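Peer 1: Quick one: this structure, given as structure tokens, is what I'll be asking you about.
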Amino acid sequence: MSYAIMRLEKRNSKNIVGMFRHNERKTENHSNVDINKELSHLNYQLIDCESYSEKINKEIKERYKINKSIRKDAVLCVEVLFTSDKEFFDKLTPEEERKYFEKSVEFLKEQFGEKNVVFATVHKDETTPHLHAGFIPMTDDGRLNYKSFVNGREGLIKLQNEYFKKMVEIFPELERGKNAEETRAKHIANQEYKIQQKEKSIELQLEQINKNAMELEEKKKKLEAEKERLKLEDEKLYELDNVLKHVEEKKKLFKNETIVSMDKEIYKSLVKYAREGEEYLKKLLKLEENVEKLEKENLNYLVENKSLSDRNMVLESKKINLELELQEYRLLSKNLGELLQDIGYDKVLEECQLYSKWKNGNRLEKKELENKILEKDEKELNKAEKMILKGLEEKNSWEKVVARQTRGRNRGGMER
């Protein structure tokens, strides 16, 4: 079951440069771990753009006709993602895949005006092929107004339906894409699954390391026992006093020689020890070398074990964060119908945008928004602001738990 997927994200002057650097692969370090740099040469342009900022600013300067300044947080560009699932693209030829994205750009021009569409880039270096395209929400009468093109949730649903109608004519196997609530929940569930799989992998590695450490400990004990046995054998070689008690020396009268006589059995034992003594010494030195090597290996396993434990803690933190996010999202979806009845659609949209701004903003934006909310009286808070405070409290709570666990593990490591 494959869907025709289209997602929209509003962009202001602050994040247009970052969007350009990501889409055009202008940076070496990507936050997205799914990017395979070795495949980046397969990416291609359907609408080339040397600089998003320059092109957008040029269009606005030439066509903006309103006699007032543009707000700093105004929507200057809307980034649109077009894609489907990997299985769908795997069945297409390269020509059919390109046609899918070309038709998507064609749809964008039909809906928002050819002059407004400024860039279109296809990414082939991630898990699933997809198209990043962008348009300026500029009306024919020279206004920057996103709502004139996509007016709320109903407008977005209508746009999704129109996109599906266009694409299904060429690709009849496609189905209508799911709404944002379902896809968001599915995304979070997928992230949870990935974390669970990584946790299992780390647990298996830890189990193997512990098993190896136990085997090394057993080998070490056996080597120590062998070492002790050889020491006893070695000591026997040097019990000369016992041998000398049975030795007699006689000097010859006319030659500088000494005749030594001893019991025959003692002589045989002495010869045996003399012959085997050097071999015992070699074995002893080899065993000492092996013990030292095993001790180093055991230390390496302990260090690796500590590293894996730390990574496991990071994954646990991410899992907690995802669980909190999923819980907040479900709560927001559950209360949406009630909010629509109580305060109306526009107010709900405003609160959802406020919550989204806090959820997806950078650290400075989040802090500024949180400070504003904390200054308000509790009676003045709307639903979104209350959820932000609740999310902040839960985040602080689990961060303290993780910090305590980390300190405890560090102390444990130092004691070892």
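The values are calculated or read from the model by the stated rules, or taken from the named source; none is laboratory data. Everything numeric in this text was worked out from a predicted model, so none of it was measured. For neighbour counting, all protein chains shown are included, and Cβ atoms are generated from backbone atoms with ideal geometry for every residue, glycine included. To get the accessible areas, we keep the full protein, side chains included, count just its heavy atoms, and leave off ligands, DNA and RNA. Shrake-Rupley method; radii C 1.70, N 1.55, O 1.52, S 1.80 Å.
Peer 1: With the requirement that a residue be part of a helix (DSSP H, G or I) and under 14 Å from E9 (Cβ atoms), what does segment 126-158 give you?
Peer 2: Within segment 126-158, Y146, L156 meet the criteria.
Peer 1: From the residues in segment 210-239 that are of a type in the set (D, E) and modelled with pLDDT of 70 or more, which one is surrounded by the most Cβ atoms within 10 Å (Cβ to Cβ)?
Peer 2: In this case the residue turns out to be E226.
Peer 1: Say we look at segment 107-125 and pick out the residues that are among the hydrophobic types (A, V, I, L, M, F, W, C) and under 19 Å from Y64 (Cα atoms); which of these is surrounded by the fewest Cβ atoms within 10 Å (Cβ to Cβ)?
Peer 2: Going through the qualifying residues, I end up with V118.
Peer 1: So Q45 ticks every box in (1) part of a loop (DSSP other than H, G, I, E, B); (2) closer than 14 Å to H130 by Cα but one. Which box is left unticked?
Peer 2: (1)
Peer 1: Report whether or not S104 is within 26 Å of S148 (Cβ to Cβ), open to solvent by less than 50 Å² (accessible area, probe 1.4 Å) and touching a residue at least 60 places away in the same chain (Cβ under 8 Å).
Peer 2: Spelling it out, S104 is indeed within 26 Å of S148 (Cβ to Cβ), open to solvent by less than 50 Å² (accessible area, probe 1.4 Å) and touching a residue at least 60 places away in the same chain (Cβ under 8 Å).
Peer 1: Kindly establish whether F101 is modelled with pLDDT of 95 or more, closer than 22 Å to K166 by Cβ and in a strand (DSSP E or B).
Peer 2: Spelling it out, it is not the case that F101 is modelled with pLDDT of 95 or more, closer than 22 Å to K166 by Cβ and in a strand (DSSP E or B).
Peer 1: Ok, one more. Determine, yes or no, whether E54 is in a helix (DSSP H, G or I) and within 27 Å of K357 (Cα to Cα).
Peer 2: yes
Peer 1: Which condition number does R25 fail, the rest of (1) of a type in the set (K, R); (2) modelled with pLDDT under 90; (3) under 30 Å from G142 (Cα atoms); (4) part of a loop (DSSP other than H, G, I, E, B) being met?
Peer 2: (3)
Peer 1: Sort out which residues of segment 58-84 are buried (at least 16 other Cβ atoms within 10 Å of the Cβ) and not in a loop (DSSP other than H, G, I, E, B), and write them in order of number.
Peer 2: Within segment 58-84, E59, I60, R63, C77, V78, E79, V80, F82, T83 qualify.
To keep it simple, each residue is scored yes or no on (1) in contact with a Leu (Cβ under 9 Å, 6 or more places away or on another chain); (2) at pLDDT below 90; (3) open to solvent by 40 Å² or more (accessible area, probe 1.4 Å); (4) of a type in the set (D, E).
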site: G152; (1), (2), (3), (4): yes, yes, no, no
site: L159; (1), (2), (3), (4): yes, no, no, no
site: I195; (1), (2), (3), (4): yes, yes, no, no
site: L204; (1), (2), (3), (4): no, yes, yes, no
site: Q208; (1), (2), (3), (4): no, yes, yes, no
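Peer 1: Just to be sure I understand the filter: pairs with C-beta atoms under 7 Å, separated by 6 or more residues or on different chains, first member in segment 35-58 and over 15 Å from H22 (Cβ atoms), second member open to solvent by 50 Å² or more (accessible area, probe 1.4 Å) and at pLDDT 95 or above. Which pairs pass?
Peer 2: Partner pairs satisfying both residue conditions: L46/E102.
Peer 1: Going residue by residue through segment 60-78, is there one that turns out to be modelled with pLDDT of 90 or more and within 25 Å of E95 (Cα to Cα)?
Peer 2: Looking for residues that are modelled with pLDDT of 90 or more and within 25 Å of E95 (Cα to Cα), one finds none in segment 60-78, hence no.
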